Amino acid sequence: MTQPQQPVAQYFKVQPDAIQVAGDSVQLTAIGQQDGQTIKAYYRCQTFAEKRQWQQVRHPVLFYGAKDFERIQGATNQNEFDYAHFLAQQKRCFYQLTLAKETTFALRRPSSGLDWLHYWRQTCALYLRKLPTALRFHAQTLLLGLREAQVDHYQVVLGRLGIIHLLSLSGLHVFYLVQVIRWCATYCRIPREWLNCMLFGLLPVYALLVGGTTSISRAIALILCRLLCEQLGIRQSRLDSWSLVLLVNLFWQPYLLHSMGGILSYLMAFALIYIGEGSTFKVAYWLSLLSLPVCLRFNYRWHVLTIMMNALVTPIYLPVVLGLVIVASVMLPVSNLVVNGCEWLLQLIYKGLGLVAQIPHAMITFGKIPLLPY
């Protein structure tokens, strides 16, 4: 991969949803206004009030970066996750900058359509951030494609049990929502043509709002592809739609299939096409079996109860979790009792999953699986 030259002294722009606050440390994903380079910038808050200000930012932030750009350091141990390699492939980000406490930050009113999309995405994120911990993580992951590093416990539990693909299948909730809209439209006697036109307008906006998250964007692209074929009277198989969406996505993100999330997202969607109708255990078995090589390649471990957990959890995970998230999000301004009840149920689910994940000697460590046999 060609490495760009070191960024020059210039103003950098940070969108509000590209700000991560952990403790007194602030991580910014900034774009140079002169050369267009993406960098990681780090700043340490001086007061608690300043930290609160960073957590509530909704507008683009500008700062001036003049010097001390450094290459992002790669992995120092063999087979360790290489964060620098990941950023270079997925974000085209090669350099980082540590900002002094004297750095001046300026808020700017959104001036473009992209700025307004980031503004509204951050506004939704701030609203969902008022939810309790478990609900907040799943609401931001499923609805906005955002993940907070401070609450990744739930992702770790799913990873240990080998059912991390449930998050990669999170785009399925888009199909659920579209189906609900269709039922409501049928009940209200809205013509199908009108509904399709409405979906053509709303779904791309939602895709932009979630920031191009792989699983959600894939689901939206598949729905739009089906709608377009329906409007034009073209008969296209599900596999053809899947192939077309993957091809377009690879033009947009050439290194998509170099990440675990990208591989699982399209692999699981491909599996569901070929499995078709079948028993819950059959679907869960094949999803578990197909995800096994990917999980071993990236995590080096496998839980002996993975197949059983897939059979038990896969049919209920998305409907139940999505239902709890939507109910809690809607009732948040009205009833804390309902929100706390949803949080209790979600925590109860993960408490049970956590107990299974911690069963002694159930986790088998295979080590790194080579891509090609020797």
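Suppose we filter Arg58, Arg52 for residues that are in a loop (DSSP other than H, G, I, E, B) and either farther than 27 Å from Leu128 by Cα or of a type outside the set (Val, Ile, Thr) (or both); which single one remains? I'd like the intermediate steps shown before the answer.
Details: Arg52 fails: in a loop (DSSP other than H, G, I, E, B).
The match here is Arg58.
Considering (1) at pLDDT 75 or above; (2) in contact with a helix residue (DSSP H, G or I) (Cβ under 8 Å, 6 or more places away or on another chain); (3) part of a helix (DSSP H, G or I); (4) of a type in the set (A, V, I, L, M, F, W, C), say which one Trp302 fails and leave the rest.
(3)
Quick one: which of Leu353, Leu348 is in contact with a helix residue (DSSP H, G or I) (Cβ under 8 Å, 6 or more places away or on another chain), aliphatic (A, V, I, L, M) and either assigned to a helix (DSSP H, G or I) or open to solvent by 60 Å² or more (accessible area, probe 1.4 Å) (or both)? It would help to see each step written out before you state the result.
Working: Leu348 fails: in contact with a helix residue (DSSP H, G or I) (Cβ under 8 Å, 6 or more places away or on another chain).
Criteria check complete, one pass: Leu353.
Within the range 55-86, which residues are closer than 15 Å to Leu107 by Cβ and either polar (S, T, N, Q) or open to solvent by less than 20 Å² (accessible area, probe 1.4 Å) (or both)?
Looking only at the range 55-86, we keep the residues that are closer than 15 Å to Leu107 by Cβ, and these are 55-64.
Answer for the range 55-86, where residues must be closer than 15 Å to Leu107 by Cβ and either polar (S, T, N, Q) or open to solvent by less than 20 Å² (accessible area, probe 1.4 Å) (or both): Gln55, Gln56, Val57, Pro60, Val61, Phe63.
Restricting to the range 1-20, count the residues that are farther than 19 Å from Pro110 by Cα and in contact with a strand residue (DSSP E or B) (Cβ under 8 Å, 6 or more places away or on another chain).
If we filter the range 1-20 for residues that are farther than 19 Å from Pro110 by Cα, which is where we start, we get 1-10, 20.
Restricting the remaining residues to those that are in contact with a strand residue (DSSP E or B) (Cβ under 8 Å, 6 or more places away or on another chain) gives 3-4, 6-10, 20.
Residues flagged as farther than 19 Å from Pro110 by Cα and in contact with a strand residue (DSSP E or B) (Cβ under 8 Å, 6 or more places away or on another chain) within the range 1-20 amount to 8.
Just need a number here: residues in the range 210-233 that are over 16 Å from Tyr266 (Cα atoms) and out of contact with any Leu (no Cβ under 8 Å at 6 or more places or on another chain).
Here the count works out to 7.
Applying the selection to the range 223-245, what residues are open to solvent by less than 70 Å² (accessible area, probe 1.4 Å) and either under 27 Å from Ala18 (Cβ atoms) or part of a helix (DSSP H, G or I) (or both)?
Ile223, Leu224, Cys225, Leu227, Cys229, Leu239, Ser241, Trp242, Ser243, Val245, listed by residue number.
Answer yes or no as to whether Gln96 is closer than 30 Å to Gly262 by Cα, open to solvent by 90 Å² or more (accessible area, probe 1.4 Å) and in contact (Cβ under 8 Å) with a residue 40 or more places away in the chain.
On the way: closer than 30 Å to Gly262 by Cα: yes; open to solvent by 90 Å² or more (accessible area, probe 1.4 Å): no; in contact (Cβ under 8 Å) with a residue 40 or more places away in the chain: yes.
Considered against the rule, which asks whether it is closer than 30 Å to Gly262 by Cα, open to solvent by 90 Å² or more (accessible area, probe 1.4 Å) and in contact (Cβ under 8 Å) with a residue 40 or more places away in the chain, Gln96 comes out as no.
Taking into account only those residues within the range 328-345 that are of a type in the set (S, T, N, Q) and under 26 Å from the mean Cα position of the chain (by Cα), which is surrounded by the most Cβ atoms within 10 Å (Cβ to Cβ)?
We begin by selecting, within the range 328-345, every residue of a type in the set (S, T, N, Q); these are 329, 335-336, 340.
When the remaining residues are screened for being under 26 Å from the mean Cα position of the chain (by Cα), the result is 329, 340.
On the way: Ser329: 19, Asn340: 13.
The residue in question is Ser329.
Of everything in the range 12-24, what is at pLDDT 90 or above and either hydroxyl-bearing (Ser, Thr, Tyr) or open to solvent by 40 Å² or more (accessible area, probe 1.4 Å) (or both)? Give them in sequence order.
Scanning the range 12-24 gives a single hit, Lys13.
What pairs come out if I take residues in the range 297-309 that are under 10 Å from Ala284 (Cα atoms) and pair them with residues that are open to solvent by less than 60 Å² (accessible area, probe 1.4 Å) and part of a loop (DSSP other than H, G, I, E, B) whose C-beta lies under 9 Å away, six or more apart or interchain?
Between residues of the range 297-309 that are under 10 Å from Ala284 (Cα atoms) and residues that are open to solvent by less than 60 Å² (accessible area, probe 1.4 Å) and part of a loop (DSSP other than H, G, I, E, B), the close pairs are Thr306/Leu161; Thr306/Gly162; Thr306/Ile163; Ile307/Gly162; Met309/Leu161; Met309/Gly162; Met309/Ile163.
Has the range 359-371 got at least one residue that is on the phi > 0 side of the Ramachandran plot and in contact (Cβ under 8 Å) with a residue 24 or more places away in the chain? Let's see the steps before the verdict.
Going through the range 359-371, the residues on the phi > 0 side of the Ramachandran plot turn out to be 361, 367.
From the residues that got through so far, the ones that are in contact (Cβ under 8 Å) with a residue 24 or more places away in the chain too are 367.
The answer is yes; a qualifying residue exists.
Which members of the range 173-222 meet the condition of being charged (D, E, K, R), in a helix (DSSP H, G or I) and open to solvent by 30 Å² or more (accessible area, probe 1.4 Å)? First the steps, then the outcome.
Keep residues of the range 173-222 that are charged (D, E, K, R), which gives 182, 189, 192-193, 218.
Narrowing further to those that are in a helix (DSSP H, G or I): 182, 192-193, 218.
Answer for the range 173-222, where residues must be charged (D, E, K, R), in a helix (DSSP H, G or I) and open to solvent by 30 Å² or more (accessible area, probe 1.4 Å): Arg182, Arg192, Glu193.
Only one of (1) more than 21 Å from the chain's Cα centre (by Cα); (2) among the hydrophobic types (A, V, I, L, M, F, W, C); (3) surrounded by 14 or more Cβ atoms within 10 Å (Cβ to Cβ) is not met by Val325, so which one is it?
Val325 satisfies all of (1) more than 21 Å from the chain's Cα centre (by Cα); (2) among the hydrophobic types (A, V, I, L, M, F, W, C); (3) surrounded by 14 or more Cβ atoms within 10 Å (Cβ to Cβ) except (1).
Any idea which residue in the range 25-49 is surrounded by the most Cβ atoms within 10 Å (Cβ to Cβ), counting only those that are farther than 24 Å from Asp115 by Cα and of a type in the set (Gly, Ala, Ser)? Explain how you work it out, then say what you get.
We begin by selecting, within the range 25-49, every residue farther than 24 Å from Asp115 by Cα; these are 25, 44-49.
Among the residues that remain, those that are also of a type in the set (Gly, Ala, Ser) are: 25, 49.
Working: Ser25: 12, Ala49: 8.
Result: Ser25.
Taking the stated definitions as given, is Arg44 touching a residue at least 40 places away in the same chain (Cβ under 8 Å) and over 27 Å from Leu208 (Cα atoms)? Write out each step before concluding.
Working: touching a residue at least 40 places away in the same chain (Cβ under 8 Å): yes; over 27 Å from Leu208 (Cα atoms): yes.
Taking the combined requirement at face value, the residue satisfies it.
Go through the range 228-262 and give me each residue that's touching a helix residue (DSSP H, G or I) at 6+ places or on another chain (Cβ under 7 Å) and among the aromatic types (Phe, Trp, Tyr).
Trp242, Tyr255
So if I check each of Phe86, Phe94, which one is assigned to a strand (DSSP E or B) and either under 22 Å from Leu146 (Cβ atoms) or within 24 Å of the chain's Cα centre (by Cα) (or both)? Spell out the reasoning first.
Working: Phe86 fails: assigned to a strand (DSSP E or B).
Step by step, each of Phe86, Phe94 is checked, and only Phe94 is assigned to a strand (DSSP E or B) and either under 22 Å from Leu146 (Cβ atoms) or within 24 Å of the chain's Cα centre (by Cα) (or both).
If you check Val294, Val248, Val283, which single one turns out to be farther than 20 Å from Val178 by Cα, surrounded by fewer than 15 Cβ atoms within 10 Å (Cβ to Cβ) and not charged (D, E, K, R)?
Details: Val294 fails: surrounded by fewer than 15 Cβ atoms within 10 Å (Cβ to Cβ); Val283 fails: surrounded by fewer than 15 Cβ atoms within 10 Å (Cβ to Cβ).
Every option except Val248 fails the conditions.
The values are calculated or read from the model by the stated rules, or taken from the named source; none is laboratory data. Note that the structure is predicted; figures quoted are calculated from it, not measured. Note that we place each Cβ from the backbone using ideal geometry, even for glycine, and neighbour counts take in every protein chain shown. With ligands, DNA and RNA removed, areas are computed over all heavy atoms of the protein, side chains included. Shrake-Rupley method; radii C 1.70, N 1.55, O 1.52, S 1.80 Å.
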